[in-house]
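Data block below; observations after.
The values are calculated or read from the model by the stated rules, or taken from the named source; none is laboratory data. Not measured: the values here are computed from a predicted model. Positions of Cβ are generated from backbone atoms using ideal geometry, with glycine treated the same way; all protein chains shown enter the neighbour counts. Accessible surface areas use protein heavy atoms only, side chains included; no ligands, DNA or RNA. Shrake-Rupley method; radii C 1.70, N 1.55, O 1.52, S 1.80 Å.
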Amino acid sequence: MSIISSFEEYKQQYQQSIENPEEFWSQIADTFVWRKKYDSVLKWDFNKPEVKWFEGGKLNIVENCIDRHLVNKARQTAIIWESNFADEPSRHITYQELFESVNQVANMLRQQGIKKGDRVCIYLPMIPQLAFAVLACARIGAVHSVVFAGFSSGSLADRINDSGCRLILTSDGAYRADKTLDLKSIVDEALLKCPTVEKAIIYQRTKGKVTMKPNRDLWWHEVVGFQSKACEAEEMDAEDILFILYTSGSTGKPKGMVHTCAGYMVYTNYTFKTVFQYQPNQLFWCTADIGWITGHSYILYGPLSAGATTILFEGVPSWPDMGRFWHVIEKHKVNIFYTAPTAIRSLEQAPLSFVNNYDLSSLQVLGSVGEPINVEAWHWYDENIGRKNCPIVDTWWQTETGGIMISPIANVTPLKPAFATLPMPGIQPAVMSEKGAEIIENNVEGRLTIKFPWPSMARTIYGDHQRFRDTYFSTFPGMYFTGDGCKRDEDGYYRITGRVDDIIIVSGHNLGTAEIESAIDEHSSVCETAVVGFPHTIKGQGVYAFVICYEMPKEGETLRQEIREIVSKIIGPIAKPDKIQFVRGLPKTRSGKIMRRILRKIAEGEVSSLGDTTTLLDPAIVEEIKAGAL
Ligand code: WTA
């Protein structure tokens with residue numbers, strides 16, 4: 001399958017991929033190393049739902065990400081690690097070194113009794129050991145579950161318990177700008193509630209004081225350093241689980257999305273090369289954290305399987321000053337830069353001198369991911385970072401989809417600001433009306449669904465296939481429902497308009513409103529809560545909480561502070577409410593259901609168009625909430 005190099009070729013390949021998907025994907029699959037070739041390309045039934053790609057195939061994804069490159073690229077840099085501290089030397093890790101480091105961790109895991117299929121939790125900052133840990137699990141067939149190191153002990157414990165992890169890889173602490181976070185104490189607190197965890201392996205990053213629990217905790221340097229640098233990779237079935245990654249759901253607990261080996265490998269590799277038009281020897285930088293899907297697919301698996309050099313950045317965009325990203329681009333001569341709208345919007349606020357101090361002429365392609373990019377931020381990115389010389393690929397996808405689904409192809413697809421544009425080859429989107437009919441025409445708006453399987457789609461929710469089915473395959477039977485709304489314009493271009501369910505996206509992080517509500521309800525003064533999103537100039541969306549207390553607070557500020565702290569403790573700082581309004585009641589229907597639509601309008605400041613409120617139990621409460629809106 002040739003790489004697409006013109007819009008005509010895109011259209012042709014797209015057509016082929018739809019008419020003959022099996023042939024299309026098998027040609028791409030044949031560019032990988034298989035221990036045994038697959039028997040069938042695709043078997044599927046969206047009603048169950050069940051999807052199997054490359055069944056019968058045997059492989060190991062790490063052999064495809066590392067071993068096969070050793071022939072020609074042993075001395076090429078695989079990963080450049082850039083520290084939180086601008087003056088700490090960066091590390092260049094070659095493919096040979098990556099191979100050896102991964103093998104040592106893999107051997108250590110085996111020595112600790114970890115076998116194929118066992119779940120391993122990884123709770124580490126953005127340091128090279130995080131990459132080693134992920135790949136080491138994949139090498140021995142252990143299922144990795146990376147938990148973003150900004151989550152609280154409660155969130156960590158829930159994720160560990162949901163998947164029954166036997167071991168956790170973590171560090172003493174983490175650096176974040178000028179702060180040091182005490183990861184080990186968070187882990188200690190979490191593990192009090194995690195009976196399945198037998199061992200914790202602690203990497204020393206901050207050298208802070210930690211307490212080691214005898215028979216459970218081991219220092220990384222004591223158990224990894226002496227291991228052999230060779231390690232036989234486990235032979236995996238195409239459909240064996242590669243990893244679990246949690247994402248917020250619109251009700252209750254987070255969902256452990258399950259991704260499998262072969263399809264995920266094929267699709268992340270294909271989209272990495274196609275979307276960014278990656279050329280050998282280019283330097284690729286995705287600024288996401290490996291704790292999210294973007295980091296899994298486009299810091300590690302996509303770039304490494306393509307033999308690229310990928311940057312792993314421990315720091316934040318705003319420290320030591322607002323020029324840090326641009327400094328790193330100049331320092332390493334980054335060619336492809338992939339970041340989130342929330343970062344762009346916050347850097348846009350800083351004086352332009354922070355950008356203009358640096359030479360960004362190495363840049364060739366820019367990317368955006370995680371939330372809709374507004375037109376203004378798009379133009380700022382285009383003019384000031386790309387110098388009107390770099391295409392911007394606005395990539396729409398999800399934890400559930402594993403890889404980029406709708407996106408321009410760099411230098412191929414004609415761009416339109418704020419449009420994710422057209423589907424990748426093999427992806428068949430459909431716009432549905434709320435009533436459930438497919439809308440065929442252009443110039444329409446509706447709910448975004450996907451009609452046909454693609455290789456990297458999640459196969460299930462760990463331990464809860466029924467929930468997988470209910471969440472994604474029941475709203476529009478026979479189709480995958482994304483939870484997003486979209487518009488399709490006269491050219492067939494897609495513009496993603498945002499979530500249509502109870503998930504809000506704050507600074508690119510998905511948060512379930514139900515999860516935040518139950519955290520707030522933990523406060524002893526709180527009786528009931530409703531949380532909605534509201535437009536926020538930097539974060540995209542902010543968290544607005546309407547809170548009923550047993551006794552209306554007189555002053556409120558102290559209570560607000562306590563509520564923020566409790567949310568931070570139960571979920572993590574990312575979920576802290578921006579606005580907390582104390583109310584006497586909530587707009588409820590006679591059957592007791594909260595009318596979130598009304599609260600959303602109030603939070604958005606659109607109080608003139610609340611729609612029909614006569615069906616409410618107590619219509620007067622709406623006026624009162626409106627009057628007190630923040
Ligand atoms: C949103 C991140 C508009 C969308 C890869 C989706 C986007 C959710 C875009 C998934 C984009 C992601 N334009 N919206 N380019 N990319 N989204 O699981 O609402 O963290 O459903 O995966 O982010 O977020 P997740």
Nitroxide proxy distance, nm - points 7 Å out along Cα→Cβ at LYS554 and ARG469: 5.7
With a Förster distance of 60 angstrom and the Cβ-Cβ distance between ASP39 and ASP321, calculated FRET efficiency to the nearest 0.05 equals 0.60
When only alpha-carbon atoms count, how far does the range 356-444 stretch along each of its three principal axes, as whole angstroms with the largest first? 53, 25, 23
Sum of side-chain charges, GLY628 neighbourhood, beta-carbon under 12 Å (Lys, Arg +1; Asp, Glu -1): +1
Quick one: Debye curve from the alpha-carbon atoms of the range 214-300 only, equal weights, vacuum; give me log10 I(q)/I(0) at q = 0.16, 0.23 Å⁻¹ to two decimals. -0.99, -1.15
Built amide H within the under 5 Å cut-off of HIS536, gap 5+: GLN541, GLY542
Note: LYS193 to ARG590 extended length (0.36 nm per residue) minus current alpha-carbon separation gives 139.0 nm
Rounded to the nearest 500, what is the 222 nm mean residue ellipticity of the chain from helices alone, with -39500 (n - 2.57) per DSSP H run of 4+ residues and division by all residues? -8000 deg cm²/dmol
Among the aspartates and glutamates, which have Cα under 17 Å from the Cα of LYS253 when same-chain residues fewer than 8 positions away are ignored? ASP158, ASP162, GLU400, ASP464, ASP470, ASP501, ASP502, GLU515, GLU517, ASP521, GLU522
Can you pull the percent of the chain's accessible area that's carbon plus sulfur, 1.4 Å probe, other chains left in place? 49
Can you give me the Kirkwood hydrodynamic radius for the chain, using every pair of distinct Cα atoms, in Å to one decimal? 25.3
Modelled label-to-label distance, SER6 and GLU88, 7 Å Cα→beta-carbon offset: nm? 4.9
Given a 1.4 Å probe and the protein chains all in place, what does the accessible area of SER609 round to, in Å² to the nearest 10? 50
Globularity ratio of the range 285-327, using Cα Rg and 2.2 N^0.38 Å: 1.25
What pairs in LYS388/LYS487; LYS588/LYS626; LYS48/LYS451; LYS416/LYS576; LYS37/LYS451; LYS11/LYS435 have C-alpha atoms more than 23 Å from each other? LYS388/LYS487; LYS416/LYS576; LYS37/LYS451; LYS11/LYS435
How long is the gain from PHE226 to LYS331 if the chain were fully straight, where each residue apart is worth 0.36 nm and the alpha carbon distance is subtracted? 34.4 nm
The size of the Cβ-based charge dipole (Lys, Arg +1; Asp, Glu -1) of the chain about the Cα centre, to the nearest 20 debye, is 860
Just to be sure I understand: of the beta bridges DSSP finds with both ends in the range 507-627, what percent are antiparallel, rounded to 5? 70
log10 I(q)/I(0), Debye, Cα-only the range 92-214, no solvent, q = 0.21, 0.23 Å⁻¹? -1.23, -1.41
Spatial extent of the range 507-627: Rg and Dmax, with the Cα atoms as the point set, Å: 14.0, 39
accessible surface per residue for the chain, probe 1.4 Å, DNA/RNA/ligands not counted, whole Å² -> 38
Full-extension gain between ILE538 and GLN561, please, as 0.36 nm times their residue separation minus the C-alpha to C-alpha distance. 6.1 nm
Square roots of 5 times each gyration tensor eigenvalue, C-alpha, the range 357-402, largest first, Å: 23, 12, 8
Filtered GluC sites (Glu not before Pro), the range 50-141: DSSP coil and at most 10 other beta carbons within 10 Å: none
Pairs of alpha carbons in the range 287-413 whose separation is greater than 24 Å (percent): 23
Compactness summary of the range 17-127: radius of gyration and Dmax from Cα atoms, Å, are 18.8, 55
